[in-house]
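Structure first, commentary second.
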Amino acid sequence: MAPGNLTQVTEFILMGVSDRPEMQVPLFMVFLVIYVLTATGNLGIITLTTVDSRLHTPMYFFLRHLAVINLGNSTVIAPKMLVNFLVSRKTTSYYECATQLGGFLVFIVAEIFMLAVMAYDRYVAICNPLLYMVVVSRRVCLLLVSLTYLYGFSTAIFVSSCVFSVSYCSNNIINHFYCDNVPLLALSCSDTHLPETVVFISAATNLFFSMSIVLVSYFNIVLSILRIRSSEGRKKAFSTCASHMMAVTVFYGTLLFMYLQPQTNHSLDTDKMASVFYTLVIPMLNPMIYSLRNKDVKAALNRFLTNPCYSLKSI
């Protein structure tokens, strides 16, 4: 096709999770329940860690921001996804697609590094408990969270600009339920070598550095726990990081499954299923992980439900 005959795309069509008409309403109900649970759980964590003075510690400060990130990530994806289950023409404008990609990147990158920050927090709490409030002071907490959001935002601007710097012509059907890097670049009618390289290097670098922080932190945590002589002391130390270990395992396990699978088995459909997990299911699971296994959060919830007015006065 001659370059003069190419028509610049002004909108994209999202194929969604499934293209089977009889599955649209059941899938709508399933993902509506997931999103409601996600919003309820994360708003609950944000509320409890804000209003209850006993949860005004670095660990719960970071947990509050993880809940904000989880809520933001699912909200960038779920509403448009739910609407598309109920309409016949699943379109999204060029600029709406770019905005969704940028929003997704902000929150997914922020989540990767927030989990790393939380691992460092647990490392200091267990390995240097006497210096904990000095090392992880309020100023340090604000700095770490600010840098996490700033890095997520700058990464989103840079990567999404690269993805949308290429030309999109006649083919505008995205094999996904939201605007993501790989399925978007697959539609381009121009050279995608540079943006593909940028996407790969960015994803690999972020995963490498965040996982390095997590692994080094937990390696030292395990060594420190093994040095504790009493079984009760080891159990107590382990319980302080058990919830975070579970959240990290689920999140990084999903990402590693997606990026490390053999090229022969790789497909956009596999990516789509993995994306459902880390954009919608994990944000729903995290509040459950941190509340069901955490006595402080359950006690705060009980206090809030028993006397919400007292909790609000303590802000």
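The values are calculated or read from the model by the stated rules, or taken from the named source; none is laboratory data. This is a predicted model, so every value here is computed, not measured. With ideal geometry, Cβ positions are generated from the backbone for all residues, glycine too; neighbour counts draw on all protein chains shown. Note: accessible area is taken over every heavy atom of the protein model, side chains too, but ligands, DNA and RNA are not part of it. Shrake-Rupley method; radii C 1.70, N 1.55, O 1.52, S 1.80 Å.
Percent of accessible area on the chain owned by carbon and sulfur, 1.4 Å probe?
Ligands and nucleic acids excluded, carbon and sulfur give 68 percent.
Could you tell me which of C97, L184, C169 has its Cα farthest along the dipole of segment 97-210 towards the positive end, charges placed at Cβ (Lys, Arg +1; Asp, Glu -1), taken about the Cα centre?
Projecting each Cα onto the dipole axis, the largest value belongs to C97.
Mind telling me which of V68, V140, V87 comes out most flexible in a GNM of the chain, alpha-carbon contacts under 10 Å?
Maximum among the listed residues: V87.
Taking K and R as +1 and D and E as -1, what net charge do the other residues with C-beta under 15 Å from the C-beta of P79 add up to?
Around P79, the surrounding residues sum to +1.
Taking the Cβ of C141 as the centre, find all other residues whose Cβ is under 14 Å away and add up their charges (Lys, Arg: +1; Asp, Glu: -1).
Every neighbour counted, the sum reads +3.
Could you give the length gained on full extension between L86 and S161, defined as 0.36 nm per residue of separation minus the Cα-Cα distance, in nm?
Residue separation times 0.36 nm, minus the Cα-Cα distance, leaves 23.9 nm.
Over the alpha-carbon set of segment 31-75, divide Rg by the Kirkwood Rh and report the Rg/Rh ratio to two decimals.
Checking Rg against Rh, the ratio lands at 1.03.
Checking the cross-link filter: which lysines have an alpha carbon closer than 21 Å to that of K298, excluding same-chain neighbours under 8 positions apart?
List returned: K235, K236, K313.
Most mobile of S243, S93, S291 per a Gaussian network model of the chain (Cα springs, under 10 Å)?
With Cα springs under 10 Å in the chain, the top fluctuation among S243, S93, S291 is at S93.
As an exercise, take the mean of 1/r over every pair of distinct alpha carbons in segment 1-152, invert it, and state the Kirkwood radius in angstroms.
By the Kirkwood definition, the hydrodynamic radius is 18.2 Å.
Between L150 and E22, how high is the FRET efficiency from 1/(1 + (r/R0)^6) when r is the Cβ-Cβ distance and R₀ = 51 Å? Nearest 0.05.
0.65
Enumerate the amide H contacts of E11 below 5 Å, restricted to partners 5 or more residues apart or on another chain; note that Pro and chain-start residues carry no placed amide H.
Residues meeting the criterion, in which the H sits 1.01 Å from N, are Y94.
Using a Gaussian network model on the chain with a 10 Å cutoff between Cα atoms, which of T92, T249, T240 fluctuates the most?
Largest GNM mean-square fluctuation: T249.
Per 0.36 nm of contour for each residue apart, how much would the distance between I228 and F200 grow if the chain were fully extended, relative to their Cα-Cα spacing?
Extending this stretch completely gives an extra 5.9 nm.
For a label point 7 Å from the Cα of M288 along Cα→C-beta, name the residues of segment 25-39 whose backbone N is under 14 Å from it.
Only 31, 33-39 fall inside the zone, counting backbone N under 14 Å.
Taking Cα Rg over 2.2 N^0.38 Å as the quantity of interest, determine which of [x] 0.94; [y] 1.10; [z] 1.29 was computed from the displayed structure.
Recomputing Cα Rg over 2.2 N^0.38 Å here picks out [y].
Say a site is exposed when it is one of the trypsin sites (Lys or Arg not before Pro), sits in a DSSP loop, and has at most 11 other Cβ atoms within 10 Å; what is then the longest site-free stretch of the chain?
Counting at most 11 other Cβ atoms within 10 Å as exposed, the longest clean stretch of the chain is 90-228.
Against the 2.2 N^0.38 Å scaling, with N counting residues, where does segment 167-286 land? I'd like the Cα-based Rg ratio to two decimal places.
Dividing the Cα Rg of segment 167-286 by 2.2 N^0.38 Å gives 1.43.
HN-Hα J couplings of segment 27-35 from phi, Karplus 6.51/-1.76/1.60, θ = phi - 60°, integer Hz, Gly and Pro as x?
5, 4, 5, 4, 6, 5, 4, 4, 5
Helix-only estimate, please: 222 nm mean residue ellipticity of the chain, summing -39500 (n - 2.57) across DSSP H runs of length 4 or more and dividing by its residues, to the nearest 500.
Rounded to the nearest 500, it is -25000 deg cm²/dmol.
Calculate, in nm to one decimal, what V134 and V250 gain on full extension: separation in residues at 0.36 nm each, minus their alpha carbon distance.
Full extension from V134 to V250 adds 38.7 nm.
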